[in-house]
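Values in this text are rule-based calculations from the coordinates and carry no lab data. In this text the structure is predicted, and so the values were computed from the model without any measurement. Positions of Cβ are generated from backbone atoms using ideal geometry, with glycine treated the same way; all protein chains shown enter the neighbour counts.
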Amino acid sequence: MASSKEKALEWGISIRTVMNLCKNGRIPGAFKIGREWQIPDDAIRPVDGRVVAGEYIKISKEKGQKPLPVGISDYVRAQSEYYYVDKTLLVRDFLDRKSLVTLFTRPRRFGKTLNMDMLRVYFEISDSDTSKYFVDKAIWKCGKKYQEHQGKYPVIFLSFKDVKFDTWEATFAKISELLQDEFGRHPELKNSDRLEKYEKDYYARILSGQANEVELSASLQKLSKMLTEHYSKAPIIIIDEYDTPIQEGYSKEFYDEIIGFMRNFFSGAFKDNKYLSYGFLTGILRIAQESIFSGLNNLTVSSVMDEEYDEFFGFTEQEVLQMLAYYKATDKTDELKDWYDGYRFGNEEIYNPWSVINYLSKGCLPQAYWVNTGKNEILEDVLQVATDDITEKMYALMQGERVVAKIDQNVVYRSLTEDPSNIYSLLLVAGYLKILNKTLQGDGSWVCDVSIPNREIAAVYKSEILSHLIKVGAVGNATANKIAESLYASDWRKLQDAISEYMEKSISYYDTGAEGFYHGLMLGLVALMDNQYKIKSNRESGEGRYDISLVPRDKKFPGIIMEFKSDKRPNEDSLNDLSAQALKQIDDMGYDAEMLEDGITKIIKLGIAFSGKKVKIRKK
């Protein structure tokens with residue numbers, strides 16, 4: 001990796017210009033640690049303000065060509081004013097299965113809200129003829145069997161995607177506001193002669209914002225009853241992103257309050273509710289262990305592991321190829337695939353729809369669009385509880401390797417602290433991992449080979465993981481860069497000084513002690529070199545397992561093997577002895593065997609000893 005200063009000198013432009021290019025996403029693979037940008041060594045200088053590694057092209061705006069639907073989740077508007085990828089066959093598949101309540105779990109920004117609004121428009125009774133929004137779509141070609149359901153149901157629709165607040169009080173106020181709006185969408189109930197006075201009074205309390213928490217927790221059940229009485233037809237209930245406020249509750253420490261409310265809220269709507277035709281929910285997780293859906297034996301879950309509905313969330317390869325042809329960008333097929341493909345839902349290869357749309361709308365500029373739409377809270381939570389084994393697997397994933405992980409689809413947010421290995425399940429459903437193959441276990445869980453889906457997700461792993469583990473923000477980027485530079489230049493005295501400086505500034509004495517701590521520390525620090533080296537940890541070679549090896553991607557660079565020792569006695573003699581023992585162990589155990597077999601003949605061996613905040617390095 002190179003610094004902004006180094007690239008500025010190489011390209012003959014100012015440091016500020018390089019930093020602005022990074023900030024605006026014009027240098028693929030660049031990421032920020034602290035205040036300093038890290039830029040791939042092989043990055044090409046952007047031309048005329050536009051990135052070349054992903055050459056910028058202007059999407060042609062021919063007469064009659066529709067714009068791209070960036071951030072559009074309104075179905076009527078999306079299908080009439082923008083390029084719309086037809087997902088209406090979701091209606092057909094649902095009506096064929098006729099599940100009473102269906103939960104779709106997919107990563108954020110994969111088209112859940114637009115699909116739910118499409119279902120609302122298709123099924124909802126309306127004063128106007130809404131069939132006009134479907135007559136040219138795939139569902140209409142399926143025939144009368146499906147057409148006869150169009151516009152025949154009252155619909156309750158709530159989206160919790162924007163319920164993101166720091167307190168339960170603010171969250172409850174927002175949910176109350178959403179319910180006010182939804183009740184207000186059914187003004188026919190206000191003076192309906194089919195409702196009792198107490199029902200109209202309840203309706204008025206919700207509409208005026210005077211209902212308390214207990215009354216609101218029963219609002220879905222009561223509204224569905226009133227709609228059934230008025231229309232003589234039970235409604236369809238659609239809840240979009242149901243678990244967004246639950247995730248906020250977990251992160252902001254009002255988890256018990258939100259779970260308690262949601263349990264009653266959903267139970268009234270979906271459990272033994274005779275005033276329900278069908279129910280749809282979307283979210284990232286199935287929060288089963290918290291009894292939110294307790295006793296709901298009519299719930300059908302469609303997850304990223306399932307074949308049912310696998311093509312309806314995200315873009316299939318065929319849909320992407322058609323879009324590229326429409327915008328005359330077929331020469332960008334490989335680049336787009338490299339950056340935004342890689343997901344597998346059921347048996348379907350899936351592209352990230354948000355990123356594909358933004359990529360095309362930005363003139364085929366490859367950068368991390370999806371990961372910049374949120375704070376990546378789940379990944380942050382994962383890193384807070386990562387064990388040494390998990391940390392090592394994270395670095396293996398960053399290197400493009402696959403790792404074996406147990407996937408439990410019933411995982412909940414707070415299970416992270418109970419069993420950190422659940423992080424792989426969270427990362428999968430949140431869109432940070434893809435499954436390469438899977439084997440079903442007797443307890444209903446899966447053992448899977450997983451990897452990072454694409455370059456976009458690789459960028460956020462590098463940024464989030466390095467920022468967390470190296471904690472450069474607390475030290476300053478100069479120290480971290482000094483470590484990378486010393487490895488690059490084989491300057492071991494400078495490396496020793498840089499590590500000592502890092503430990504002195506950022507690590508409490510009470511954090512240190514176990515060898516595993518120092519191992520994780522060094523793994524994080526040397527990860528800055530991953531463009532130049534493949535970094536391996538705790539791998540078998542010769543007659544044992546080395547601590548860390550840096551295998552050069554280009555054999556003009558030397559291989560590096562590191563072995564660590566630690567002692568709680570902070571004196572110079574013990575450090576000297578330990579570093580000598582570590583260096584001798586590399587030779588005695590033949591840790592260089594793996595590199596020698598790969599034809600790497602120049603190998604630098606480092607015995608590194610730690611004691612408290614002190615470090616001693618011996619080289620051979």
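All other residues whose Cβ lies under 11 angstrom from that of TYR82 are scored, Lys and Arg at +1 and Asp and Glu at -1, for a net of 0.
Mind ranking 66-74, 206-214, 273-281 by how tightly packed they are, going by the mean number of other C-beta atoms within 10 angstrom, highest first?
On the way: 66-74: 15.3, 206-214: 13.6, 273-281: 20.7.
Put in order of decreasing packing, that is 273-281, 66-74, 206-214.
Between ASP162 and ASP491, residue separation times 0.36 nm minus the direct Cα-Cα distance comes to 113.3 nm.
Report, in whole Å, the centroid distance computed from the Cα atoms of the range 529-560 and the range 593-612. A separation of 7 Å, based on Cα centres.
Note on the range 142-233: lysine pairs with Cα distance below 24 Å, sequence gap of 8 or more or different chains, count 27.
Contour minus end-to-end for ASP86 and ASP389, with contour as 0.36 nm per residue of separation and end-to-end as the Cα-Cα distance?
Values: separation 303, 0.36 × 303 = 109.08 nm, distance 4.35 nm.
This chain segment gains 104.7 nm when fully extended.
Sorting 236-249, 596-609 by their mean Cβ neighbour count within 10 Å, with the most densely packed peptide first, gives 236-249, 596-609. Distant-in-sequence amide contacts of LYS534, defined by a placed amide H-H separation under 5 Å and a gap of 5 or more residues or a different chain, comprise VAL551, ARG553.
Each other residue within a Cβ distance under 11 Å of GLU317 adds +1 if Lys or Arg and -1 if Asp or Glu, for a net charge of -4.
The slack between THR439 and ILE15, meaning 0.36 nm per residue of separation minus the straight C-alpha distance, is 147.6 nm. Our coupling estimate for the range 107-120, obtained by passing each phi through the Karplus curve with A = 6.51, B = -1.76, C = 1.60 and θ = phi - 60°, is x, 5, 6, 10, x, 5, 5, 4, 5, 5, 5, 4, 4, 4 Hz, Gly and Pro reported as x.
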